[in-house]
1. Based on what the data block shows, is residue 146 assigned to a loop (DSSP other than H, G, I, E, B) and surrounded by fewer than 18 Cβ atoms within 10 Å (Cβ to Cβ)?
2. Under 7 Å between Cβ atoms, which residue pairs at least 6 apart in sequence (or on different chains) link something in the stretch 129-147 that is farther than 11 Å from residue 260 by Cβ with a partner that is modelled with pLDDT of 90 or more and in a loop (DSSP other than H, G, I, E, B)?
3. Restricted to the stretch 97-124, and to residues that are over 19 Å from the mean Cα position of the chain (by Cα) and either surrounded by 21 or more Cβ atoms within 10 Å (Cβ to Cβ) or without any contact (Cβ under 8 Å) to a residue 24 or more places away in the chain (or both), which residue is farthest from residue 59 (Cα to Cα)?
4. Among the residues of the stretch 38-93, which ones are touching a strand residue (DSSP E or B) at 6+ places or on another chain (Cβ under 7 Å), under 22 Å from residue 130 (Cβ atoms) and in a loop (DSSP other than H, G, I, E, B)?
5. Is it the case, given these coordinates, that residue 34 is part of a loop (DSSP other than H, G, I, E, B) and either on the phi > 0 side of the Ramachandran plot or modelled with pLDDT under 80 (or both)?
6. So residue 177 ticks every box in (1) part of a strand (DSSP E or B); (2) at pLDDT below 75 but one. Which box is left unticked?
7. Count, please, the residues in the stretch 257-281 that happen to be assigned to a strand (DSSP E or B) and either modelled with pLDDT under 95 or within 16 Å of residue 128 (Cβ to Cβ) (or both).
8. Filter the stretch 209-235 for residues that are within 21 Å of the chain's Cα centre (by Cα), part of a loop (DSSP other than H, G, I, E, B) and modelled with pLDDT of 90 or more; which is farthest from residue 251 (Cα to Cα)?
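The values are calculated or read from the model by the stated rules, or taken from the named source; none is laboratory data. Bear in mind the structure is a predicted one, so any value in this text is a computation, not a measurement. Every residue, glycine as well, gets a Cβ built from its backbone with ideal geometry; the counts of neighbours run over all protein chains shown.
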C-alpha cells in the first residue's frame with residue numbers, strides 16, 4: 001500500500017468518525033468551564049516510575065514515586081515528598097513467576113508505592129486537590145487470580161486505596177485521577193452505529209470532533225457495572241467514583257478525569273475549573289502541571305536499569321540465579 005493510499009484510508013475513517021460524532025452530539029451534554037483563582041490553593045500530584053528485570057532465578061523491580069505540592073500565592077511554592085530527587089528502591093523477587101504474572105506483580109509494586117506516597121502527601125501537604133497520574137482505581141488488568149502468588153500484594157494495594165479514599169473524604173480533599181491517554185469507549189458504546197469499527201475507537205477521539213476548548217462533559221458513573229471484581233473489592237467507595245472529560249486545547253485530545261466524591265454534582269464544578277487552569281500550559285500537551293513535575297522527578301530510564309543490574313551482578317558475582325534469558329543474548 002502506497003503512502004497516498006494509506007492517507008486516503010485514514011481520511012475516510014476520520015470522515016466516518018466525524019459523522020458518527022455529529023450523531024452523538026445530541027446525546028452528550030457539554031458545559032462551559034469557568035475561571036478560577038488559584039491563589040490560596042494547595043494542589044498536589046503523585047506520579048511514579050518503575051522498571052522490571054526478569055532473571056532465571058531472582059528477578060527485581062525498581063520503583064520510585066514522588067509527591068509534588070504547588071501552593072499558589074504571590075509566588076508559587078513547591079514542595080516534594082519524600083524529596084526532590086529520591087533514590088529508587090530495588091525489590092528482589094525470588095520466586096518464579098510466569099511472565100504475565102510477574103508483570104502484574106511488578107505493576108502492583110509500582111502502584112503500591114504511588115498510593116503510599118499519595119497517602120503521605122495528603123497527610124503532610126493537606127492539599128485542596130490531590131491528583132493521581134492515571135485513574136483513582138486500579139485497572140482491571142492489575143487484578144491477579146486469587147490463586148496467584150501476586151494476589152496477596154493485590155489485597156495490600158486495595159487496602160491502601162481504601163485508606164486513601166477514607167482520608168480524602170474525611171479531610172475534604174478532592175481526590176482526582178488524570179488519565180493521560182484514555183482508551184475508554186463508554187460514550188461511544190451508548191451510541192448506535194452500523195459500523196462496528198467506529199465503536200472500537202476511544203471516546204477522546206470521537207469527542208475531539210465535537211468538543212470545544214474550555215468545556216466538559218456531564219459526569220458519568222465510573223463504571224456502569226458494579227459487578228467488576230475490583231469495584232466489589234473497594235466496597236462502598238465504588239459508589240463514590242465518577243468521571244468526565246474536559247478539553248483544554250483545540251490542539252490536543254480531551255482529557256479524562258476520574259474523581260472520588262460524596263457530592264459529585266457540586267464538586268465537579270470546582271474540580272473542572274482547577275483541572276482546566278493547571279492543564280493548559282502547553283496547547284499540544286494538556287496535562288496537569290503538577291503531574292508533569294512529578295513525572296520529571298519520578299521517571300526511571302533504561303540506563304538506571306542497566307546500572308543497577310550491573311551493580312547487583314558485580315556485588316553477587318557469577319550466579320545462575322542472575323543469568324539473563326537466552327532470548328536477550330541473541331546476536332542479530
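1. Spelling it out, residue 146 is indeed assigned to a loop (DSSP other than H, G, I, E, B) and surrounded by fewer than 18 Cβ atoms within 10 Å (Cβ to Cβ).
2. 131/288
3. Within the stretch 97-124, the first condition is being over 19 Å from the mean Cα position of the chain (by Cα), and the residues that meet it are 97-102, 123-124.
Remaining after also requiring either surrounded by 21 or more Cβ atoms within 10 Å (Cβ to Cβ) or without any contact (Cβ under 8 Å) to a residue 24 or more places away in the chain (or both): 98, 100.
Details: 98: 12, 100: 14 Å.
That would be 100.
4. 76, 86
5. Numbers: part of a loop (DSSP other than H, G, I, E, B): yes; either on the phi > 0 side of the Ramachandran plot or modelled with pLDDT under 80 (or both): no.
So residue 34 does not fit the description; no.
6. Every condition holds for residue 177 apart from (2).
7. Here is the first cut: in the stretch 257-281, the residues assigned to a strand (DSSP E or B) are 257-260.
Okay, now just the ones that are also either modelled with pLDDT under 95 or within 16 Å of residue 128 (Cβ to Cβ) (or both), so 257, 259-260.
The total comes to 3.
8. 234
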